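Notes follow the structure.
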Amino acid sequence: MITPSTYNLTVWQGADFDQTFTVTQNGTALNFTGYSARMQVREAADSTAYLLSLTNGSGITLGGTAGTIAVAITNAQSSAISAGSYAYDLELVAGAGTITRLLQGGFTVSGNVTR
């Protein structure tokens with residue numbers, strides 16, 4: 001069992017965002033072959049509507065045996081979120097439907113001045 005790590009993200013409104021995470025267990029990269037991933041940003045963990053949703057091939061790329069997860073948010077996506085503080089989590093889904101939360105934390109959007 002993996003305990004989710006807390007990692008706070010800051011995204012600059014109107015700018016592209018790219019972050020790659022490498023997930024290891026006991027010093028060995030996890031193998032994400034056969035997995036999918038999903039991430040959502042909401043005003044709060046208990047909010048019903050999401051502000052951003054990413055999945056495999058649509059903002060998330062899993063690196064297979066390298067144990068990497070690349071998260072990419074386009075400038076159009078970051079522009080659509082008001083400046084403020086939100087919550088997110090990132091989950092792995094195994095082929096059998098087992099869900100593991102890997103990351104969670106605050107998601108801050110820093111307001112755009114130049115337009």
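The values are calculated or read from the model by the stated rules, or taken from the named source; none is laboratory data. Fair warning: this is a prediction, and the values are worked out from it, not measured in the lab. Here the Cβ is made from the backbone with ideal geometry for all residues, glycine too, and neighbour counts use every protein chain on show.
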* Options GLY64, GLY59, GLY27, GLY95: the member that is in contact with a strand residue (DSSP E or B) (Cβ under 8 Å, 6 or more places away or on another chain) and not aliphatic (A, V, I, L, M) -> GLY59
* Asked: Got at least one residue in the range 53-68 being surrounded by fewer than 18 Cβ atoms within 10 Å (Cβ to Cβ), of a type in the set (S, T, N, Q), touching a Lys or Arg at 6+ places or on another chain (Cβ under 9 Å) and at pLDDT 95 or above?
  -> yes
* Asked: Can you spot a residue in the range 64-81 that is touching a helix residue (DSSP H, G or I) at 6+ places or on another chain (Cβ under 7 Å), within 30 Å of ASN112 (Cβ to Cβ), assigned to a loop (DSSP other than H, G, I, E, B) and polar (S, T, N, Q)?
  -> no
* Looking at the range 92-113, which of its residues are surrounded by fewer than 17 Cβ atoms within 10 Å (Cβ to Cβ) and either touching a residue at least 40 places away in the same chain (Cβ under 8 Å) or closer than 13 Å to VAL71 by Cβ (or both)? -> VAL93, ALA94, GLY95, THR100, ARG101, GLY105, GLY106, THR108, SER110, GLY111, ASN112
* Evaluate the following for SER78: is it in contact (Cβ under 8 Å) with a residue 60 or more places away in the chain, among the hydroxyl-bearing types (Ser, Thr, Tyr) and crowded, with 16+ Cβ neighbours inside 10 Å? => yes
* Would you check which residues across the range 1-47 are assigned to a loop (DSSP other than H, G, I, E, B) and charged (D, E, K, R) and list them? => ASP16, GLU43, ASP46
* To do: Please tell me if GLN19 is free of Cβ contacts under 8 Å to residues at least 24 places away in the same chain and not aliphatic (A, V, I, L, M).
  => no
* **Among residues of the range 34-46, those that are in contact with a strand residue (DSSP E or B) (Cβ under 8 Å, 6 or more places away or on another chain) and either loosely packed, with under 15 Cβ neighbours inside 10 Å or under 18 Å from TYR86 (Cα atoms) (or both), counted** => 8
* Structure fact -> Out of (1) touching a strand residue (DSSP E or B) at 6+ places or on another chain (Cβ under 6 Å); (2) farther than 17 Å from GLY105 by Cβ; (3) not aliphatic (A, V, I, L, M), the one TYR50 does not meet is (2)
* For SER85, indicate whether it is polar (S, T, N, Q), loosely packed, with under 14 Cβ neighbours inside 10 Å and either in contact (Cβ under 8 Å) with a residue 60 or more places away in the chain or assigned to a strand (DSSP E or B) (or both). => yes
